[in-house]
Each structure stands twice: as structure tokens, then as C-alpha cells.
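Reading through the C-alpha cells given below for one structure.
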Amino acid sequence: MTGRITGLKSIMLAAGLVLGSAGAQASAPATTAAAQQSVAPASGVAVVAPAPAAALPTANDPLLALDGGPDIRPVDHIGQPTDKYIGVQAQVTPNGRRAAWMHNDILVPVITIISVFVLLLLFWVMWRYRRAANPVASKTSHNTMIEVIWTLAPVVILVLIAVPSIGLLQAQYKPAPANAITLKAIGNQWYWSYQYPDNGGFEITSNMLKEKNMVTGEERARTDADGPPLLATDNRIVLPVGVPIRLLTTSNDVIHAWAMPAFWIKLDAIPGRINETSFTIEKPGVYFGQCSELCGARHGFMPITVAAVDKATFDKWVIAKGGTVKGAAAPTPPAADPAADPAIATVAAAPAAAAPQADK
């Protein structure tokens with residue numbers, strides 16, 4: 001009787017082990033199926049090593065965004081025209097803010113005062129010297145005081161305007177510093193192509209996105225996430241915020257002009273010539289511009305779209321495009337592993353030749 005009980009316990013124990021092993025196999029992660037096996041050279045026992053998990057892309061990975069660029073949505077009234085708005089766009093560069101200040105606080109008030117003064121002077125002359133009040137016209141031909149005033153007053157006004165104007169002009173064409181990122185814009189009939197010489201020289205082409213009723217074949221239609229009509233492009237230019245940008249412009253056919261109102265930039269692109277200016281973007285966002293030089297039948301269909309992002313995102317986008325990060329150290333090639341290369345292992349394992357002894 002005792003032997004039967006012992007045998008029954010053995011059978012139940014074996015069944016439990018079998019069921020436990022099956023359950024463990026069922027709950028094992030799927031990655032164990034792709035595990036790598038290696039054989040230890042000493043014992044010859046197979047050792048199962050789990051396969052490395054693939055790095056998951058982050059939510060803001062530029063590779064996951066539309067058209068391979070950072071997924072930034074345009075904001076109304078920022079970096080684009082606004083219906084029924086009078087004035088320049090909100091500026092996001094130091095030169096742009098300086099130019100907007102000069103426009104709003106110097107030029108507009110001076111022009112307004114001069115225009116109102118001349119208008120009132122005309123009304124006064126028409127009333128004061130009308131025929132009813134002056135039946136006999138005056139014979140005066142010269143007035144020294146008036147001639148001195150109307151000569152000196154414009155000179156003084158122009159000098160006062162020239163001082164900030166010259167400073168602003170110098171700032172707009174000041175050479176870019178050594179840490180600047182170079183963007184080369186090339187005009188074509190009728191689209192823009194761009195090169196990044198400081199980041200490996202890769203190139204992108206930017207075309208206007210058409211409306212839904214205009215697309216054919218596999219073309220992608222414009223959406224509100226891309227930007228306004230006639231301004232959205234299939235490939236945006238990506239530039240870093242807070243880093244000086246060196247802008248170079250040229251053309252492959254006729255004269256174009258690279259114009260970005262929010263940056264206070266308008267630079268001609270001339271065939272056979274390279275023009276240069278520099279700017280620094282202060283705020284991230286999406287900004288829109290256009291070709292501003294009459295260049296042919298489709299001149300109005302050459303928009304410019306700039307996505308301004310932080311430097312880390314810009315570097316990630318550059319690498320995704322196959323470029324290199326400016327100033328980054330070149331990767332060091334890994335040292336040769338004798339165990340991985342049979343030829344090196346053979347040479348390393350070969351006994352050293354005995355050195356000849358000198359004759360005594």
C-alpha cells in the first residue's frame with residue numbers, strides 16, 4: 001500500500017512539472033523566439049542570449065513627422081499674412097525688431113507729420129490768397145527767410161533719418177560669425193532648392209502644395225496643417241533657433257528673390273553670383289515667404305516655408321536627412337577584435353619566430 005502511494009505521488013509530481021514548464025513557455029515574451037544562441041568554447045553548452053530590443057522612436061521624432069520634418073503647426077497671425085491687418089508682420093529676428101521699430105516709431109510719424117503739414121499749408125494758401133481776398137495779386141518774387149527754411153528743414157530731417165538707417169543697413173549685411181549655420185537657397189523656374197554646406201552638403205527641393213481640386217496622380221494636396229494657400233510647401237526648410245544663420249542666394253536661370261517678411265529678409269538670387277546676409281531666429285514656429293522678383297509665368301507659385309526649431313531637433317533632422325552636425329567630432333572606428341576576424345586571430349595565435357642568436 002505504501003508503494004502504491006509513493007508511485008502515485010511520483011506521477012502527480014511529474015505531471016505538475018510538465019504543466020509548469022508548458023505555462024512558462026506560454027508566458028515567455030515573444031522576443032525569446034528571436035534569441036541568439038552561442039556556444040561556450042570551453043564547455044560546449046548552448047547559452048541563450050536575448051536579442052537586443054529595438055529603440056522605439058520618440059513622439060517628436062522628425063522621421064515620423066510629415067515629409068520628414070518636425071511636425072510644427074502654423075499659428076494664425078504669426079509668420080504669415082493676416083487679412084485686414086495694417087502693418088508689418090511680427091518680427092522674430094534682432095534686425096527685424098530694429099527695422100520694425102524704425103518703421104513704426106520714426107518713419108511713419110515723420111511721414112504723417114510732413115503730409116499733414118503740407119496739406120494744411122495748401123488749404124491755408126488757397127484760403128488766404130484766393131481772388132476774393134486778394135483782387136490785386138502780390139508782385140513779391142523772393143523771400144529769403146522762407147527759402148532758407150524750406151532748404152534747411154528737409155536736410156535736417158534727412159540727416160536724422162539717415163543715422164539709424166545706416167546702422168540698420170550695416171547690421172543687415174554684417175558678416176555671419178564662425179558658429180553660423182549656412183543655408184544656400186537656389187532659385188529655379190519655379191521652385192526653390194536648398195543646400196546645407198556646413199552639415200554635409202545635403203540638398204532638399206521645395207515645391208508649392210496644390211489645392212485638392214488641382215492635384216493629379218500621387219501628388220499630396222495642401223491641408224491647414226501645412227499652411228495657407230499659395231504659401232505651403234511639400235518640404236519645409238528647417239533652421240535652429242538662437243543660432244546665427246548665413247544665407248547665400250543664387251539662381252540657375254533668371255533673377256529671383258528670397259523674401260521672408262517675419263525675418264526682415266529680402267535678398268536677390270542672381271545667376272552666376274552669390275549674395276549673402278545673416279540673421280538669427282529668436283522664436284520657434286513656422287514662417288512663410290515668397291519669391292519677390294518677377295521671374296516668369298509662375299512667379300507667384302514659389303513659396304518659402306521655414307520651420308524654426310531648437311538646436312537639438314535641428315541636429316536630429318540633419319542626421320535623418322543623411323547630413324552631419326557642424327562641430328561634432330567624427331566617430332572613432334571601433335578597434336579590430338581578433339576573435340571576430342579569423343585572419344587576425346590566426347596571426348595572433350601564430351608563435352613568434354625565434355630571434356637568431358649572435359655567434360659567440
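The values are calculated or read from the model by the stated rules, or taken from the named source; none is laboratory data. All of these numbers come straight from a predicted model, not from anything done at the bench. Cβ coordinates were reconstructed from backbone atoms using ideal geometry, including for glycine residues, and neighbour counts include every protein chain displayed. Ligands, DNA and RNA are excluded from the accessible area calculation, which covers all protein heavy atoms including side chains. Shrake-Rupley method; radii C 1.70, N 1.55, O 1.52, S 1.80 Å.
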Mean Cβ count within 10 Å, highest first, over the residues of peptides 278-284, 166-172, 143-149: 278-284, 166-172, 143-149
Calculated SAXS-style log₁₀ I(q)/I(0) at q = 0.17, 0.22, 0.25 Å⁻¹ - region 217-298, Debye, Cα scatterers: -0.83, -1.19, -1.30
Long-range HN-HN contacts of T233 with modeled amide H, under 5 Å: L209
Hits among lysines - C-alpha to C-alpha of K174 under 26 Å, sequence gap 8 or more where chains match: K184, K266, K283, K311, K326
Cα→Cβ-extended label distance, 7 Å offset, between F301 and T216, nm: 1.1 nm
Square roots of 5 times each gyration tensor eigenvalue, C-alpha, region 66-117, largest first, Å: 33, 14, 5
For region 108-184: accessible area per residue (Å², 1.4 Å): 83 Å²
Global form of region 122-193, assessed from the alpha-carbon gyration tensor, a/c cut-off 1.5: prolate
Burial ranking of peptide ranges 80-89, 124-133, 312-321 (average Cβ count within 10 Å, highest at the top): 312-321, 80-89, 124-133
Extended-chain gain in nm, criterion 0.36 nm per residue less alpha-carbon gap, R73 and A312: 84.2 nm
All-pairs alpha carbon distance profile, region 169-271, 10 Å steps from 0, percent: 13, 40, 34, 11, 2
Label-point gap, in nm, between I149 and W124 - each point 7 angstrom along Cα→Cβ: 0.7 nm
Theoretical gain in end-to-end length, V110 to T140 [0.36 nm per residue, Cα-Cα removed]: 7.7 nm
Whole-percent carbon and sulfur share, accessible surface of region 110-187, 1.4 Å: 75 percent
